[in-house]
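J.: I'd like to ask some things about the structure below.
The values are calculated or read from the model by the stated rules, or taken from the named source; none is laboratory data. For clarity, every value in this text was computed on a predicted model and none was experimentally measured. Here Cβ is always computed from backbone atoms with ideal geometry, including for glycine, and neighbour counts include all displayed protein chains.
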Amino acid sequence: MRRLLAVLLVVAVSLAMAGVIKIGLFVPLSGIGADDGESALHGAMLAVKYVNDHGGVLGKKLELVYYDDQTDPKQSVSLAYKLVQKDGVVAVVSGSYSGPTRAAAGIYQRLKTPMVSAYAVHPDITKAGEYIFRVGTLATVQGRAGAHLAVEKLKAKRIALLVMDNDFGVSLANAFKAEAKKLGAEIVFEEKFAVGEKDFRTILEKVKKLDPDVIYATGYYFNASKIVTQAKELGIYQTIIGQEGYDSPLFIELSKNHAANGTVITTDLDRDSERPVVQWFMKEYEKEFGRPADMVAASAFDAVMILAKAIEIAGSTSKSAIKDALYKVSGIDSVTGFKHFTKDREAVREVVCQVIVGDRFHRFWVIDDPEIVTPGK
Amino acid sequence: MQIVINALVLGSVYVLISIGLTLIYGILRILHIAHAGIYTLGAFLGLTFYALTGNFWLALILSMVLTGIAGVGVYSYIYRRVLSKERIVPLVISIGLFIAMQDLYRLIWGAYKKPFALDLGINDIKGKGFVITQHQILILSLTGISLILLYLLMNKTKLGKAMKACADDLVMAGALGINVERVVSFAFFLGSALAALAGVLIGVYENNVYPTMGDEVSYKAFVVIVLGGFGSLSGAVVAGFILSFAETLLVAWKGFLLPRDAIAFLVMILVLMFKPEGLFRRAST
């Protein structure tokens, strides 16, 4: 009798499961990354909704299984085992930072489960192996694009560099510096700062004396908002160039006296794009979650969209088939303009330059030269 | 000149936060880590009341009063029960409380950083080679007023003298007829209200209020009370400014050679090595 019950239970469970395909997500919902984690979660949830509203995948509905990694590599590793072995997800999206993502990438590779990193930029993540992909633009590409923006578009000859001292900031700055020099510009000033730094006045005073043509400052929206505010306070009116780390409505809100205006950034999210999926995403996100979407949300959205497409191409939920299919994904409804993966599992897309005018992000320039935007070149 | 202004502003905030910690350490010998959580509460309450009323001064006062009451609550519902235990007990409780508070704030106010946009309508003071923004003026003047009031309170009133007596010897003060309970509660109220002031001021200055804003404060303020000589109020004031000048001058001289926090701890280690009682030991202990 007991055995019969057990069999019945298994049958019932598998019948119930038959209708869904599970995708895992790990995001920081507490700790220092909690705000980005919430954006990533919301972006991924919206993508699942989008896919399910458009008929699901392989006739089944997508289901998102997500956990809080507390911005902690130890957590993301144990969550990797949990997602794969207990929840039985067929693929995973990382909506977390470089640290936790890098730690978990090795585990997913070992468990042979495809993982797509939404916005973590560390170069080593995708080196974990053939199962690990990245939707975000690699730091080297973005730094390179930033150099073209500075030298070609803004005609800068003398450039000051402010470098945030972590993986993100340093890898961007190194790529920028190499390309800017190649294009004939001169780096007249370079200074590193800690992620938590709040007072840039002393450093900006020095920059002001040197009178560079532009300032290239790597950072996240919360320290970048201080850089632009304090620069304006000190009467520095040169253009400040940022990157996707600036790409949050909070960058504008946290800057005082509208100091964010005039800043130009390289990013993945083109808010002025006419493509219907972008318009739908921007509108729906604000309606659903009560705040404007940012780059993190858009990247997580795309990561789920790419996985959905890969499962469709694979025609099954076999993990190795999904992995093979990921290399073939192209032409999807993507918010960040994702085109396809390279053989090194890095994303190819146009790099969008946005300028802040009237306290809003707007399209400034688009870089689509394959020499610049293809990772690995 | 700009450097001096920057250092003064930074030091003001360190001092405001450290006063509460110093008062509490001085009297109860508790390292009140959760004070940083109280500071965050002050910032959030200030922001919330400002959004509701549109009146900054009203919001500031409401926040200080309510945060002060919360501080008293922390004492009477939590610390008071464990005062007789070993000192590690309140310390561990304090750390746990701090973490719990941060998550509570996240649940109430959300994980996103919130701007605290305030225009006082005063003009920035611009001179040759320096600028003092309206928010810096606000911080400097409010800190100055608070310090003067605090000085008067501690030296000219009965309550202040009672606090000093309790800091010297809690049991003896009780034996001599001082209502120790009331004095300790008041110390928590005062310290927490000043932390709320610091929280609101920093929120405005950084244009930023968020659940984990107390992290940095929790260890910076600790450095200040160690430097100041564990429980000495004037010591904490001087130490706060020493720390801010050390940080700012080093950055001006060498750039961001070290993260600021490293500088703070380096100063603390040096002081502990050569003057383990802190720079300003209280005369009586």
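J.: Since A:L41 meets every condition but one in (1) closer than 23 Å to B:Y210 by Cα; (2) at pLDDT below 95, which condition does it not meet?
T.: Evaluating A:L41 over (1) closer than 23 Å to B:Y210 by Cα; (2) at pLDDT below 95 leaves (2) as the failure.
J.: Inspect segment B:111-124 for any residue being modelled with pLDDT of 95 or more, closer than 30 Å to A:L41 by Cβ and touching a strand residue (DSSP E or B) at 6+ places or on another chain (Cβ under 6 Å) and give the result as yes or no. Lay out the reasoning, then the answer.
T.: Keep residues of segment B:111-124 that are modelled with pLDDT of 95 or more, which gives none.
The answer is no, given that none of the residues of segment B:111-124 is modelled with pLDDT of 95 or more, closer than 30 Å to A:L41 by Cβ and touching a strand residue (DSSP E or B) at 6+ places or on another chain (Cβ under 6 Å).
J.: Restricting to segment B:217-241, name every residue that is within 14 Å of chain A (Cβ to nearest Cβ) and of a type in the set (G, A, S).
T.: Within segment B:217-241, B:S218 is the sole residue that qualifies.
J.: Return yes or no: is B:V82 surrounded by fewer than 21 Cβ atoms within 10 Å (Cβ to Cβ) and in contact with a Pro (Cβ under 6 Å, 6 or more places away or on another chain)?
T.: On the way: surrounded by fewer than 21 Cβ atoms within 10 Å (Cβ to Cβ): yes; in contact with a Pro (Cβ under 6 Å, 6 or more places away or on another chain): yes.
So B:V82 fits the description; yes.
J.: If you take just the strands (runs of 3 or more DSSP E) that sit entirely in segment A:89-198, which of them hold at least 2 residues that are touching a residue at least 12 places away in the same chain (Cβ under 8 Å) and over 24 Å from A:K309 (Cα atoms)?
T.: Numbers: elements: A:91-94, A:115-117, A:132-134, A:158-164, A:186-193.
Per the criteria, A:158-164, A:186-193.
J.: Go through (1) in contact (Cβ under 8 Å) with a residue 24 or more places away in the chain; (2) in a loop (DSSP other than H, G, I, E, B) for B:L258 and report which single condition fails.
T.: Failing condition for B:L258: (1).
J.: Could you tell me which numbered condition A:G55 fails, if it satisfies all but one of (1) assigned to a loop (DSSP other than H, G, I, E, B); (2) in contact (Cβ under 8 Å) with a residue 12 or more places away in the chain; (3) not basic (K, R)?
T.: All conditions are met except number (2).
J.: I've got another one for you. Does segment A:199-210 hold any residues that are in contact (Cβ under 8 Å) with a residue 12 or more places away in the chain and not basic (K, R), and which are they? Talk me through it step by step, then tell me what you get.
T.: First, pick out the residues of segment A:199-210 that are in contact (Cβ under 8 Å) with a residue 12 or more places away in the chain: A:199-201, A:203-208, A:210.
The answer is A:D199, A:F200, A:I203, A:L204, A:E205, A:V207, A:L210.
J.: Determine which member of the set A:K208, A:K157 is more than 14 Å from every other protein chain (Cβ to nearest Cβ) and surrounded by fewer than 24 Cβ atoms within 10 Å (Cβ to Cβ).
T.: After applying the criteria, what remains is A:K157.
J.: A follow-up question, please. Here is a check on your reading of the model: is B:F98 touching a helix residue (DSSP H, G or I) at 6+ places or on another chain (Cβ under 8 Å), surrounded by 15 or more Cβ atoms within 10 Å (Cβ to Cβ) and under 25 Å from A:N257 (Cβ atoms)? Talk me through it step by step, then tell me what you get.
T.: Numbers: touching a helix residue (DSSP H, G or I) at 6+ places or on another chain (Cβ under 8 Å): yes; surrounded by 15 or more Cβ atoms within 10 Å (Cβ to Cβ): yes; under 25 Å from A:N257 (Cβ atoms): no.
For B:F98, the condition - touching a helix residue (DSSP H, G or I) at 6+ places or on another chain (Cβ under 8 Å), surrounded by 15 or more Cβ atoms within 10 Å (Cβ to Cβ) and under 25 Å from A:N257 (Cβ atoms) - is not met.
J.: Residues of segment A:292-305 being in contact with a Phe, Trp or Tyr (Cβ under 8 Å, 6 or more places away or on another chain) and either farther than 22 Å from A:T266 by Cα or assigned by TED's automatic domain parsing to the domain that holds A:Y246 (or both), which ones?
T.: Residues of segment A:292-305 that are in contact with a Phe, Trp or Tyr (Cβ under 8 Å, 6 or more places away or on another chain), as a first pass: A:292-293, A:295-302, A:305.
Correct list: A:M305 only.
J.: Scanning for something free of Cβ contacts under 8 Å to residues at least 12 places away in the same chain and aliphatic (A, V, I, L, M), does segment B:28-48 turn up at least one residue?
T.: Scanning segment B:28-48 turns up no residue that is free of Cβ contacts under 8 Å to residues at least 12 places away in the same chain and aliphatic (A, V, I, L, M).
J.: Only one of these is assigned to a helix (DSSP H, G or I), more than 16 Å from A:M305 (Cα to Cα) and touching a helix residue (DSSP H, G or I) at 6+ places or on another chain (Cβ under 8 Å): A:K82, A:K74. Name it.
T.: A:K74
J.: Next question, about the same structure. A:A347 - would you say it is touching a Leu at 6+ places or on another chain (Cβ under 8 Å), more than 19 Å from A:V48 (Cβ to Cβ), buried (at least 23 other Cβ atoms within 10 Å of the Cβ) and touching a residue at least 12 places away in the same chain (Cβ under 8 Å)? Step through it out loud before you land on a result.
T.: Values: touching a Leu at 6+ places or on another chain (Cβ under 8 Å): yes; more than 19 Å from A:V48 (Cβ to Cβ): yes; buried (at least 23 other Cβ atoms within 10 Å of the Cβ): yes; touching a residue at least 12 places away in the same chain (Cβ under 8 Å): yes.
Yes; evaluated as a whole, the condition is true for this residue.
J.: Just checking: which of the strands (runs of 3 or more DSSP E) contained wholly in segment A:231-344 hold 1 or more residues that are under 14 Å from A:V135 (Cα atoms), in contact with a strand residue (DSSP E or B) (Cβ under 9 Å, 6 or more places away or on another chain) and hydroxyl-bearing (S, T, Y)? I'd like the intermediate steps shown before the answer.
T.: On the way: elements: A:239-242, A:264-267, A:338-341.
Those strands (runs of 3 or more DSSP E) span A:264-267.
J.: Can you run down the residue pairs with Cβ atoms below 9 Å, 6 or more apart or on separate chains, where the first is in segment B:174-192 and within 28 Å of B:G37 (Cβ to Cβ) and the partner is surrounded by fewer than 23 Cβ atoms within 10 Å (Cβ to Cβ) and of a type in the set (D, E, K, R)?
T.: Listed by first residue and then by second, the contacts come to B:E181/B:R80; B:V184/B:R80.
J.: Tally time: how many residues in segment B:169-200 are out of contact with any His (no Cβ under 9 Å at 6 or more places or on another chain) and surrounded by 15 or more Cβ atoms within 10 Å (Cβ to Cβ)?
T.: Qualifying residue count for the region: 19.
J.: Looking at segment A:216-230, can you tell me whether even one residue there is within 14 Å of another protein chain (Cβ to nearest Cβ), surrounded by fewer than 18 Cβ atoms within 10 Å (Cβ to Cβ), within 30 Å of B:V13 (Cα to Cα) and in contact (Cβ under 8 Å) with a residue 12 or more places away in the chain? Break it down into steps so the answer makes sense when it comes.
T.: If we filter segment A:216-230 for residues that are within 14 Å of another protein chain (Cβ to nearest Cβ), which is where we start, we get A:217-230.
Subset that is surrounded by fewer than 18 Cβ atoms within 10 Å (Cβ to Cβ): none.
No: zero hits.
J.: If we only count helices (runs of 4 or more DSSP H) wholly inside segment B:156-216, which ones have 1 or more residues that are within 21 Å of B:L62 (Cα to Cα) and within 14 Å of chain A (Cβ to nearest Cβ)? Can you show your working first?
T.: On the way: elements: B:158-168, B:170-175, B:180-206.
Answer list for segment B:156-216: B:180-206.
J.: To continue, here is another question. Those residues that are more than 18 Å from the chain's Cα centre (by Cα) and either surrounded by 19 or more Cβ atoms within 10 Å (Cβ to Cβ) or in contact (Cβ under 8 Å) with a residue 24 or more places away in the chain (or both), I need them from segment B:49-76; list them, please.
T.: Narrowing segment B:49-76 to residues more than 18 Å from the chain's Cα centre (by Cα): B:49-59, B:76.
Correct list: B:F49, B:Y50, B:F56, B:A59, B:S76.
J.: Does B:V271 satisfy the criteria of being free of Cβ contacts under 8 Å to residues at least 60 places away in the same chain, under 17 Å from the mean Cα position of the chain (by Cα) and over 21 Å from A:F222 (Cβ atoms)? Steps first, please.
T.: Working: free of Cβ contacts under 8 Å to residues at least 60 places away in the same chain: yes; under 17 Å from the mean Cα position of the chain (by Cα): no; over 21 Å from A:F222 (Cβ atoms): yes.
In short, no.
J.: Restricting attention to segment B:13-26, does a residue exist that is touching a helix residue (DSSP H, G or I) at 6+ places or on another chain (Cβ under 8 Å), within 14 Å of chain A (Cβ to nearest Cβ) and farther than 25 Å from B:F230 by Cα? Walk me through how you get there before you give the answer.
T.: Filtering segment B:13-26 for residues touching a helix residue (DSSP H, G or I) at 6+ places or on another chain (Cβ under 8 Å) gives B:13-26.
Keeping just the survivors that are within 14 Å of chain A (Cβ to nearest Cβ) gives B:13-14.
Retained after the next criterion (residues that are farther than 25 Å from B:F230 by Cα): none.
Scanning segment B:13-26 turns up no residue that is touching a helix residue (DSSP H, G or I) at 6+ places or on another chain (Cβ under 8 Å), within 14 Å of chain A (Cβ to nearest Cβ) and farther than 25 Å from B:F230 by Cα.
J.: Output the residues belonging to segment A:29-60 that are touching a strand residue (DSSP E or B) at 6+ places or on another chain (Cβ under 7 Å) and either under 17 Å from A:S117 (Cβ atoms) or among the polar types (S, T, N, Q) (or both).
T.: Result: A:S30, A:G37, A:A40, A:L41, A:A44, A:N52.
J.: Do you know which residues across segment A:181-208 are in contact with a Phe, Trp or Tyr (Cβ under 8 Å, 6 or more places away or on another chain) and hydrophobic (A, V, I, L, M, F, W, C)?
T.: Scanning segment A:181-208 gives A:F193, A:A194, A:V195, A:F200, A:I203, A:V207.
J.: Now for a separate question. Filter segment B:115-130 down to the residues that are out of contact with any helix residue (DSSP H, G or I) (no Cβ under 6 Å at 6 or more places or on another chain) and assigned to a strand (DSSP E or B), then identify the one that is nearest to the other protein chains (Cβ to nearest Cβ).
T.: B:K126
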